[in-house]
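The structure appears below as structure tokens.
Derivation of every value follows stated rules applied to the coordinates shown; laboratory data play no part. Predicted, not measured: the structure shown is a model, and the values here were computed from it. Glycine also receives a Cβ, built like all others from the backbone with ideal geometry; neighbour counts cover every protein chain displayed.
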């Protein structure tokens, strides 16, 4: 009888310890990366926390500690150039994250507009010679 009580207590303790460890691990289905540009320079935040170890290392750590297919949202300030956004997207891809959605916000931070990626084209200043970089006829389905 005493052994059954001890065994039951051990199971209960073990069960509570497993659930408490799971509850402590931060799990989110989204990763939000914010690039804010001020007169002092560019600041990066990941899920509202400063990217203290540099943006690539911080993203790699977040990627390693979370589920592999989380949604990635990128918020960029109105002061960001397309070149800066493209560089940040390259860093995000290098960190192993895919298909980020990019949103542009103004200084009032009330509304955001999504910036979508279209088909990559080979540069030409002659419109009749614009060709998709993948070599297809059009960008829909990469024909």
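Each residue in 31, 122 was given a count of other beta-carbon atoms within 10 angstrom of its own, and listing them fewest first yields 122, 31.
Ordered by the number of other Cβ atoms lying within 10 Å of each residue's own Cβ, fewest first, 97, 34, 112 fall into the sequence 112, 34, 97. Quarter the surface of the alpha carbon convex hull of the stretch 28-116 and you get the mean projected area, 5.6 square nanometres.
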